[in-house]
Structure formats: structure tokens, C-alpha cells
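Data block below; observations after.
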Amino acid sequence: MVKQVYHYAVAFITLIMVISGGVFAFMSVADYISPNIYIETFEDYKSMREHKNETDHEASISESDLIAQYDAMLKQKIEYQKQSALNGLIKSLGWIFIPLPIFVFFQRKINREKNITK
């Protein structure tokens, strides 16, 4: 009886792990396809840079250079978010593929025990 409860418990826990890994993998794919990042407006970026230049006593940057820096910052943030999502996807796949064989093993064991007792 204890052995049978153990088999069901392990099968249930590993099934939950596989399902959770699938959900997390789906969320990571969604984050990769459509990164959800906070993007400040160009005006906010510009005023922050101007304030920083005033406090650091640096020369003012031209508008075109500021736009180029802003675009580079946006690309960098999006790329970072995509890399983070890809990293999350790899971790989520681990939550699927590591417990899956254990689940299959214990599920077969449970089915064999059911067939023996019939």
C-alpha cells in the first residue's frame, strides 16, 4: 500500500513539474516574440542626459547623436530582454525534459501493478 502511494505521489509531482515547465516555456516564448520592456520616451531620455551633462560639466551632445544613443539604448534593452527570455526557455525545457522520463517510468510501474492485481 505504501509503495503504491509512493508511486502515485512521484508520478503526480513529476507531472506537475512537466506542466509547470510547459507553462514557463510558453511564457518565455511569448517574451521572446514580444519583449515587454519599459521604454522611456525620447524627451525623458534627452532631459536626463542634459541634466547629467550639466552636473558633470560635459559639453552638450547634438540632437542627432542623442537620437543615435537613444536608438542604441532601445536596441540594447530589447536584445537583453530577448536573451533573458531565451535563457528562461532553456531553463523551462529542463523542467520538462528532466522529470518526464521519471513520470513515464512510474506511470508504467503503476499500470503494471494494476494489471497484476486484476
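The values are calculated or read from the model by the stated rules, or taken from the named source; none is laboratory data. Remember, it's a predicted structure, so these values are computed and weren't measured experimentally. Cβ coordinates were reconstructed from backbone atoms using ideal geometry, including for glycine residues, and neighbour counts include every protein chain displayed. These area figures cover heavy atoms from the full protein model, side chains too; ligands, DNA and RNA do not enter into them. Shrake-Rupley method; radii C 1.70, N 1.55, O 1.52, S 1.80 Å.
One residue alone among Glu113, Glu79 is in contact (Cβ under 8 Å) with a residue 24 or more places away in the chain, exposed (fewer than 15 other Cβ atoms within 10 Å of the Cβ) and not in a loop (DSSP other than H, G, I, E, B), and that residue is Glu113.
For the range 1-55, taking the residues that are open to solvent by 60 Å² or more (accessible area, probe 1.4 Å), assigned to a loop (DSSP other than H, G, I, E, B) and aliphatic (A, V, I, L, M), the one that is nearest to Leu100 (Cα to Cα) is identified as Met1.
Only one of the numbered conditions (1) in a helix (DSSP H, G or I); (2) of a type outside the set (Lys, Arg); (3) open to solvent by 100 Å² or more (accessible area, probe 1.4 Å); (4) modelled with pLDDT under 95 is not met by Glu58, and that is (1).
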